[in-house]
Amino acid sequence: ATSFPQPSTPFETPIAKEIGKADLQPYFDNGQPVKVRNPNGGPFTKKSDMLVDFYVTNTGSEIAQGEYFIDIYIEDHLAQRWGGINIEPDHFIFVEGASGLLDLFDLQPGEHSVKLVIDPTNAVPEISDNDNTYTQTFNWEVEPKPTPSPADVLPNLSLLGDGTGIRIAPF
């Protein structure tokens, strides 16, 4: 058996994390801090139908600065990450028209959520880290499949006799 080494110096006393005077949080003065919208209006049926706008404010008394992130989650899975920028006290920043959020997702029809998470790694010393998230729901519908009319000319799929595959003819 090997004995544990004895510390040569006493352990340092942990120092509490400094509480800053910045306070990042979702910005409500411009409506909802997260807006899920279809640029063409109507329901969400295609991945390109969904755009997300989000707003972040600093309600503290000093500049929120540092290398922090702003994350957007779809159903608790990270969809996109933005690098944060400095925000003066009582100012806000926004991203409008964020697209491509659903590129990696195959959503089933029904209600889903988009979550805004500000400074998820706690890089900015803040007055409170308990107000850095906001969740918005949206309804995902199935893309309707076009129904051919009797007047439509559909392709003729036929097997070739030589075993090379399927031949597609225009009629």
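The values are calculated or read from the model by the stated rules, or taken from the named source; none is laboratory data. These numbers were taken from a predicted model, which means no experiment stands behind them. Every residue, glycine as well, gets a Cβ built from its backbone with ideal geometry; the counts of neighbours run over all protein chains shown. The area values use the complete protein model at the heavy-atom level, side chains included, leaving out ligands, DNA and RNA. Shrake-Rupley method; radii C 1.70, N 1.55, O 1.52, S 1.80 Å.
For region 46-82, the list of GluC sites (Glu not before Pro) that fall in a loop by DSSP and count at most 12 other C-beta atoms within 10 angstrom reads GLU67, GLU75.
Compute the orientation-averaged projected area for region 62-146 from the convex hull of its Cα atoms and round it to one decimal in nm².
On the way: hull surface 26.9 nm².
So the Cα hull casts an average projection of 6.7 nm².
Rg(Cα) of region 37-78 divided by 2.2 N^0.38 Å?
Numbers: Rg = 15.3 Å, N = 42, 2.2 N^0.38 = 9.1 Å.
Relative to the 2.2 N^0.38 Å estimate, region 37-78 comes out at 1.68.
Placing +1 on the Cβ of every Lys and Arg and -1 on the Cβ of every Asp and Glu, with nothing else charged, gives region 73-113 a dipole about its Cα centre of roughly 140 debye.
Computed with a 1.4 Å probe over protein heavy atoms only, the accessible area of LYS46 comes to about 90 Å².
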